Every structure is written in structure tokens, then in C-alpha cells.
Amino acid sequence: MSRKLAREWHRTKAYLAGCFAIMTAIALAGFFFLSFVVALISTRDSALATPRTTQTSAITASLEFLSNPVKAGELAQMRVRLNDVQGKPFGGLVPLYGKYLHVFVTSDDFRLYGRDNPDNYPHGADTASRGEFSMPILFPQAGAYSVAIRFRSASSQEITKLFSVAVADADGAMVSKNTARRPDERTKKTFANYEVALVLDPETPTPCRPTRISFNIKRDGRPVTSFEPLEPVVSAQRGTALAIAAWDEHLQEFLYTQASAESVSPMPTAELSFSKPGGYGIFSEFKDNGQIIPTSFFVPVTDSAGCGS
């Protein structure tokens, strides 16, 4: 299910947090020094992710793993590097939704989804000023994945980069492709005892025109209208009630938006603009009673007169 990867990540974070809580400062220093040494001596054996989109902006990005191959069910250390047009490290970032770098992952069959930030891990964003980030990541099953990263430059430009990642099975054998995708176009589903209905306006989205996306969420038959913030509260804002991420069916386009706490009446609402016809996997998260609930839907976008018409 789409919530499996998110659940594994939260378990992993809880496990890591418990371990770090009982480690001494010396042990921590030694661990991250060792990680740095491993990164230096294993460059040839690291797994480099393949960019899925042409990097046309002045900032380029690379994504690699310190283990090769990346195996399903095993923690892998992921590293992101940002460079300017001259190939020099780019550190001119400002926080976006309270974090320097946002990482989104889905499997190519849209069955798995996860979202995290290097800022959530010790030393994960210590080198942000040099355009480097690192964090552990766990892929539950072998196959192909898309990794999207988002960040904001000092000029307030929000930038997205997409990468393709191949994950081997436990024996190190590569799986050429995940199970064929079977789109589930139902707009009403149940996730962790929450009944969630996806409401689209217009009901049939078309490219290049804003689509209003709302979520009618109920628990035990009663509407949920009060959400705990997913992201840190910034200034006078009440926080993020719901995060929405979307990939097109070819994993070549990534979209992201948020529904603020002010938009939850009568239900969390945000807008997305799809650039082309086809299917889109739409993932969302909300937090209630201290639990983050991930959801997933598949939305067909029909052809129209075209963008700019």
C-alpha cells in the first residue's frame, strides 16, 4: 500500500532517534566521521541516481547512495549535492516550509510513497551552506523508484529536481521493472480507519488549468476538520494541514502543494495545475491524534484544446 513506505520511514526515524538518544557525543562524532571517510573512499562504488528531467536551471543537482547496489529492506545513506552554473557548490538556500531540502519518493507502480527531510537527522543539513545534504533512506521492495527533491534559492525560486533510482533485491539482483501499474481511479478509500473522499473541481481535470483538490475526511462517520500541523509553524501561519505530492504516470513531472490550516473548512483544499494529459498519482498526508496518515489516489487528466488556448 502507498502508506507502507511512509510507515517504514517513521519507524526508522523512531528507531534512529532512540539509538542516538543513548549514544554519547563522542560516539556520534565518531559515527559521522566514519561516514565521511566511507564517502571519501567509496566514490567509485557509490550508486549514482539518474536525473529524470533536463536540468535547465542555473542550479544542478546530483543524488547518490554510499552503497552499490542499493538493496531493498536495508538502510542506505543518500547524499544530495547542489552546484551552480560553474560547477561550484551552491549553498545559497533559504528554508522552504521550515526545511532546507524536501525529499519525496514513490515506486514506479505508485504503490509506495514517502516524504522526509535531511534536516530531521543529526548532521543531515550541517553542510547546507556547501550545498550538501545526507540522510538515511529505506526502500521496502526492489524495483524502480522516482526521487524528487525540492528547495528554495536565496532569490526565492522554488526548484524541483527528479531522479530515477534502481533498487536491488536482498541478494543484490536488479529488478528490471515493478509490477505493472493497475490504476485505481476510485475517489473514496479508507486509510487507517479514516474514510477519505477526493473531490476535484472541475471533476475531470484538464491540462494547464488549475484544479481545485479537496479532501473530505471522516473518522467513525464524523468529519475531521481540525488537523495538527505537518510542518513547523512559520510566523503567524497556523501550519500545514495537508501536504499534496503528485507524479505523472511516466515519472517525468512532479507537483507539490500544501493546504494551510486556514483552508480546512469545510475540508482541506489546495490547487494543482497539470501540464499534460494522462494519469497522475496523487499522494497526501494529514496528521490527526499524533498520527500521520498517508493517502493515495490516481487521477486521469483528459486532453483539451491545449495549453495557452
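Any read-out appearing in this document is the output of simple, stated calculations on the displayed coordinates, not a laboratory observation. The structure displayed is predicted, hence computed values, not measured ones. For neighbour counting, all protein chains shown are included, and Cβ atoms are generated from backbone atoms with ideal geometry for every residue, glycine included.
Looking at the range 188-301, the pairs of alpha carbons with a distance over 16 Å make up 58% of the total.
For E158 and R222, the FRET efficiency from 1/(1 + (r/R0)^6), where r spans their Cβ atoms and R0 equals 45 Å, is about 0.80. Computed from label points 7 Å out along Cα-Cβ, the spacing between N120 and A170 is 2.5 nm. Distance between the 7 Å Cα→Cβ label points at D288 and D201: 2.1 nm. Residues I213, I244, ranked from the fewest to the most other C-beta atoms within 10 Å, line up as I244, I213. The residues neighbouring T190, those whose beta-carbon lies less than 11 Å from its own, together hold a net charge of +4 under the Lys/Arg +1, Asp/Glu -1 convention.
Other residues with beta-carbon under 13 Å from the beta-carbon of R222 carry, at +1 per Lys or Arg and -1 per Asp or Glu, a net charge of -1. In the structure shown, the pairs K189/K276; K218/K287; K99/K287; K161/K276; K188/K287 are assessed against 24 Å; a Cα-Cα span above that value is assigned to K189/K276. Extension gain for T190-C208 works out to 3.5 nm (0.36 nm per residue, less the C-alpha to C-alpha distance).
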